[in-house]
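Before any comments, here is the structure.
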Amino acid sequence: MSGPDQYGVVGHPVAHSLSPFIHAMFARQTGQSLSYRLFDFPPESLQERIAAFFAQGGRGLNVTLPYKVAAVACAAELTRRAQQAGAVNTLAMRKDGTILGDNTDGIGLTQDLCVNQHVIVTRRRVLIIGAGGATRGVIAPLLGLEPESITIANRTADRAKALAAAFAQLGHVRGVGFRYIAEGAYDLIINATSASLTGQIPDVPMGVIGSDTFCYDMAYGKGDTPFVRWCLELGCRAAAPGWGMLVEQAAESFRLWRGVRPLTGPVLCALTAS
Ligand code: NAP
């Protein structure tokens, strides 16, 4: 490939992705010349198409639903956080011609919580609702902040229990079904279900939200998500949708590829203003 360095995001479908917009803003801001495109690869040829992209000189890819686990097989080596997540959202061509797999979702979340939202996680009680891929990617980074405990609550209890067991050696984490969430308000609640995408609210007890609770919805959209609205109505301290996580995980991918971490504030403003 000649011309600007080639990047993109792989998904199926992927047309809705905001990553081209985000990375174009990062590139302008940091004076980098690059191209960032959408790649809707079918599942049966995912690995061949990713290999062809890199063989033709491509420098890096983001990976989104439903391929974060499948794309692990495209990497010669994984960062520790990608190993812990069991999934990649970033692939990077290294100087030696091999592909590194990384996962920046966890640091995207902790960066948004701790830096942008000024939330303290250390020694706090954390409730994560949902036990899918997004939760898997953020447990180790959250445990790294040394919360008092993390409770993973999921509609299908067994998935929460299995996830908690997989991370038990890293800290105090347990998995439960919605009916068995411990009584009382949590300091931080993270909605990592896809319920918001269908306008639903996970069926967790209202008592988990108190006046000091910070609530975070990984989902984002125009205006407040249903979960954010619900938490605010119940009188939580504050609630935020997942725009910041989206932009911060992208900034970490950009840093891995280009060696410079762009400012996220201007991109966040542009996304939430539109
Ligand atoms: P996933 O692997 O498909 O998992 C979906 C989870 O949602 C499962 O735990 C599922 O429970 C639960 N769920 C779905 N509908 C529900 C409902 N009506 N009530 C209660 N629980 C429900 O999805 P994922 O990859 O983890 O993504 C989860 C969310 O995070 C999505 O909204 C995604 O857009 C968002 N996300 C945001 C960012 C960001 O940068 N902001 C990054 C990654 C993900 P069961 O196990 O019982 O089915």
Completion exercise
ALA219 passes all but one of the listed conditions (1) in contact (Cβ under 8 Å) with a residue 24 or more places away in the chain; (2) part of a helix (DSSP H, G or I); (3) under 27 Å from ASN62 (Cβ atoms); (4) not basic (Lys, Arg); the exception is number (2)
Handout entry: Filter result for PHE21 (in a strand (DSSP E or B) and under 20 Å from the mean Cα position of the chain (by Cα))
Key = no
Practice task
Could you please give the count of residues in region 244-264 that are assigned to a helix (DSSP H, G or I) and touching a residue at least 60 places away in the same chain (Cβ under 8 Å)?
Solution key: 14
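Rundown of residues vs (1) assigned by TED's automatic domain parsing to the domain that holds HIS118; (2) surrounded by 21 or more Cβ atoms within 10 Å (Cβ to Cβ); (3) within 9 Å of the ligand (Cβ to nearest atom); (4) of a type in the set (Phe, Trp, Tyr), yes/no style:
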position: THR198; (1), (2), (3), (4): yes, no, yes, no
position: PRO202; (1), (2), (3), (4): yes, no, yes, no
position: MET206; (1), (2), (3), (4): yes, no, no, no
position: ILE209; (1), (2), (3), (4): yes, yes, no, no
position: ASP212; (1), (2), (3), (4): yes, no, no, no
position: CYS215; (1), (2), (3), (4): yes, yes, no, no
position: MET218; (1), (2), (3), (4): yes, yes, yes, no
position: ARG229; (1), (2), (3), (4): yes, no, no, no
position: GLU233; (1), (2), (3), (4): yes, no, no, no
Problem - Single residue of ALA92, ALA51 found to be over 27 Å from SER194 (Cα atoms), among the hydrophobic types (A, V, I, L, M, F, W, C), more than 16 Å from the ligand (Cβ to nearest atom) and under 20 Å from the mean Cα position of the chain (by Cα) - result: ALA92
Exercise for the section: Within region 177-202, track down each residue that is more than 17 Å from LEU145 (Cβ to Cβ) and under 22 Å from the mean Cα position of the chain (by Cα). Expected result: ASN191, THR193, SER194, ALA195, SER196, LEU197, THR198, GLY199, GLN200, ILE201, PRO202
Problem - Leading residue by the ranking (farthest from the ligand (Cβ to nearest atom)) among those in region 126-159 that are closer than 20 Å to PRO66 by Cα and among the small types (Gly, Ala, Ser) - result: GLY137
Problem - Spans of strands (runs of 3 or more DSSP E) in region 35-107 with at least 1 residues surrounded by fewer than 22 Cβ atoms within 10 Å (Cβ to Cβ) - result: 90-93, 99-102
Practice task
Give the residue that is nearest to THR90 (Cα to Cα), with candidates limited to residues of region 265-274 that are of a type in the set (A, V, I, L, M, F, W, C) and free of Cβ contacts under 8 Å to residues at least 60 places away in the same chain.
Solution key: CYS269
Completion exercise
Restricting attention to region 222-243, the residues that are in a helix (DSSP H, G or I), touching a residue at least 24 places away in the same chain (Cβ under 8 Å) and in contact with a strand residue (DSSP E or B) (Cβ under 6 Å, 6 or more places away or on another chain) number exactly 2
Fill in the blank from the handout: Per the filter on region 179-196, residues closer than 16 Å to VAL126 by Cβ and either touching a Cys at 6+ places or on another chain (Cβ under 7 Å) or within 12 Å of the ligand (Cβ to nearest atom) (or both) are ILE189, ILE190, ASN191, ALA192, THR193
Exercise for the section: Starting from region 128-142, keep only residues that are over 13 Å from GLY108 (Cα atoms), then list their pairs with residues that are more than 7 Å from the ligand (Cβ to nearest atom) and part of a helix (DSSP H, G or I) whose Cβ atoms are within a distance under 6 Å, requiring at least 6 positions of separation or different chains. Expected result: ALA131/ALA160; ALA131/LEU163; ARG136/ALA85
Handout entry: Selection status of ALA164, surrounded by fewer than 23 Cβ atoms within 10 Å (Cβ to Cβ) and within 15 Å of the ligand (Cβ to nearest atom)
Key = yes
Handout entry: Residue in region 182-189 that is assigned to a helix (DSSP H, G or I), modelled with pLDDT under 95 and in contact with a helix residue (DSSP H, G or I) (Cβ under 8 Å, 6 or more places away or on another chain) present
Key = no
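The values are calculated or read from the model by the stated rules, or taken from the named source; none is laboratory data. In this text the structure is predicted, and so the values were computed from the model without any measurement. When we count neighbours, we look across all protein chains shown, and the Cβ atoms used for this are built from the backbone with ideal geometry, even at glycine.
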